[in-house]
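This report refers to the structure that appears directly beneath it.
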């Protein structure tokens, strides 16, 4: 749980311009806390990505379904789990994708209450065209140097998978030399 009375970690070294107070209400992104910056960046990328995907009648919610179906047919429950959303949300996404001809739903051969979702040739084609990696990278990284892109990638991996960074921190602590030059673990 976050302690609202704790000192702002964003005020320390390495967290933006020194001496600038964080002000979530400011119009200047340099003044924003990291959480607001990340949220604003994610919304900008999502809007631009959705604009790109709209040429194929897709959006940020439907593309991951196509990604998972490229590996073969799946159940709606599997797709929901893989996409990290509810089955109800997945159902709405699949309804739209079925109307556009990108997926088919057939009864499961052993359980008539379940459906098997499969990619159509049109869905496969839309996925291959819409998910071109260069277009996505260009949207996110425009104006950045290759070094900044690499740094952004590495930092986002840490933010997206905090359990890995916690394990890394624990491993680093257990193998760090103590004051006498020996190992702590």
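Name the single residue that is modelled with the highest pLDDT among those in the stretch 18-58 being surrounded by 16 or more Cβ atoms within 10 Å (Cβ to Cβ) and assigned to a loop (DSSP other than H, G, I, E, B). Before you say what the answer is, go through the steps one by one.
Within the stretch 18-58, the subset surrounded by 16 or more Cβ atoms within 10 Å (Cβ to Cβ) is 22, 31-33, 36-37, 48-49, 52-53, 56, 58.
Checking which are assigned to a loop (DSSP other than H, G, I, E, B) leaves us with 22, 32-33, 58.
On the way: 22: 72, 32: 87, 33: 89, 58: 94.
Only one residue fits best here, namely 58.
Output the residues belonging to the stretch 89-104 that are in contact (Cβ under 8 Å) with a residue 12 or more places away in the chain, exposed (fewer than 15 other Cβ atoms within 10 Å of the Cβ) and either more than 24 Å from the chain's Cα centre (by Cα) or assigned to a strand (DSSP E or B) (or both).
Within the stretch 89-104, just 101 meets the criteria.
State the number of residues belonging to the stretch 86-99 that are modelled with pLDDT of 95 or more, farther than 13 Å from residue 117 by Cβ and touching a helix residue (DSSP H, G or I) at 6+ places or on another chain (Cβ under 8 Å).
Selection size over the stretch 86-99: 0.
Would you please list the contacts, defined by Cβ atoms under 8 Å and residues six or more apart or on different chains, that run from a residue in the stretch 29-44 that is within 16 Å of residue 158 (Cα to Cα) to a residue that is in a helix (DSSP H, G or I) and at pLDDT below 85?
Partner pairs satisfying both residue conditions: 34/10.
Among the residues of the stretch 59-83, count how many are in a loop (DSSP other than H, G, I, E, B), at pLDDT 90 or above and loosely packed, with under 14 Cβ neighbours inside 10 Å.
Qualifying residue count for the region: 3.
Take residue 171 and tell me if it is within 16 Å of residue 56 (Cβ to Cβ), at pLDDT below 85, outside any loop (DSSP other than H, G, I, E, B) and out of contact with any strand residue (DSSP E or B) (no Cβ under 9 Å at 6 or more places or on another chain).
no
The values are calculated or read from the model by the stated rules, or taken from the named source; none is laboratory data. None of the values given here were measured: they were computed from a predicted structure. Every residue, glycine as well, gets a Cβ built from its backbone with ideal geometry; the counts of neighbours run over all protein chains shown.
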